[in-house]
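Structure record follows, encoded as structure tokens.
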Amino acid sequence: MAVEVALAMLQREGRWLMQLRDESPTIVAPGCWGLFGGHLEAGETPEQALRRELLEEISWQPPDLELVMVHPIHRRTAHVFRGELSVPLEQLRLLEGQDLDLVSPEHLLMGSIWSTKLAAHRPLADGLMEVIRHVMTGAG
């Protein structure tokens, strides 16, 4: 049975909020850029899980979320939501991960993002490019 996760593509001024994941070898895609979100807990809907995860990871959640796709990535089923990041990046408190940034579509599609905190490029998490392309083009 696939593990279910809920992920957020949050947009502000044409840029997408991304999280640089921790280096821990016990997590999915360590040291890679990914979307904020996480696993569904027992009894949670995907939206409830995402709202909980956003509070845990950045101390903020959007008023409105729209489910834009359900996508199999490896042995996980990702429920991908889209929403507006209606606050400045500086208002978010990064509580999980190494870095966060608002990234242009052009830079996302390059597959590697610069981390100011690490002063290095880091790759996108495996399987994320397909999700990003889908959400950006509005397909589905």
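Evaluate the following for residue 109: is it loosely packed, with under 15 Cβ neighbours inside 10 Å, hydrophobic (A, V, I, L, M, F, W, C) and closer than 24 Å to residue 133 by Cβ?
On the way: loosely packed, with under 15 Cβ neighbours inside 10 Å: yes; hydrophobic (A, V, I, L, M, F, W, C): yes; closer than 24 Å to residue 133 by Cβ: yes.
So residue 109 fits the description; yes.
In the stretch 28-50, which residue that is surrounded by 14 or more Cβ atoms within 10 Å (Cβ to Cβ) and aliphatic (A, V, I, L, M) is nearest to residue 134 (Cα to Cα)?
Going residue by residue through the stretch 28-50, those that are surrounded by 14 or more Cβ atoms within 10 Å (Cβ to Cβ) are 28-29, 31-38, 40, 44, 46-47, 49-50.
Restricting the remaining residues to those that are aliphatic (A, V, I, L, M) gives 28-29, 35, 40, 49-50.
Numbers: 28: 21, 29: 20, 35: 14, 40: 22, 49: 22, 50: 19 Å.
Residue satisfying both the conditions and the ranking: 35.
I'm checking my understanding of the structure. Among residues of the stretch 51-85 that are of a type in the set (Gly, Ala, Ser) and surrounded by 13 or more Cβ atoms within 10 Å (Cβ to Cβ), which one is modelled with the highest pLDDT? Lay out the reasoning, then the answer.
Applying the first criterion (of a type in the set (Gly, Ala, Ser)) to the stretch 51-85 yields 59, 78, 83.
If we keep only those that are surrounded by 13 or more Cβ atoms within 10 Å (Cβ to Cβ) too, we end up with 78, 83.
Values: 78: 93, 83: 97.
Among those residues, the one meeting the criterion is 83.
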Could you figure out which of (1) of a type in the set (Asp, Glu); (2) in contact (Cβ under 8 Å) with a residue 40 or more places away in the chain; (3) not in a helix (DSSP H, G or I) isn't true of residue 64?
(2)
In this structure, is residue 44 in a loop (DSSP other than H, G, I, E, B), among the acidic types (Asp, Glu) and closer than 15 Å to residue 17 by Cβ?
no
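The values are calculated or read from the model by the stated rules, or taken from the named source; none is laboratory data. Because the structure is predicted, anything quoted here is derived from the model rather than measured. Virtual Cβ from ideal backbone geometry, glycine too; neighbours counted across all protein chains shown.
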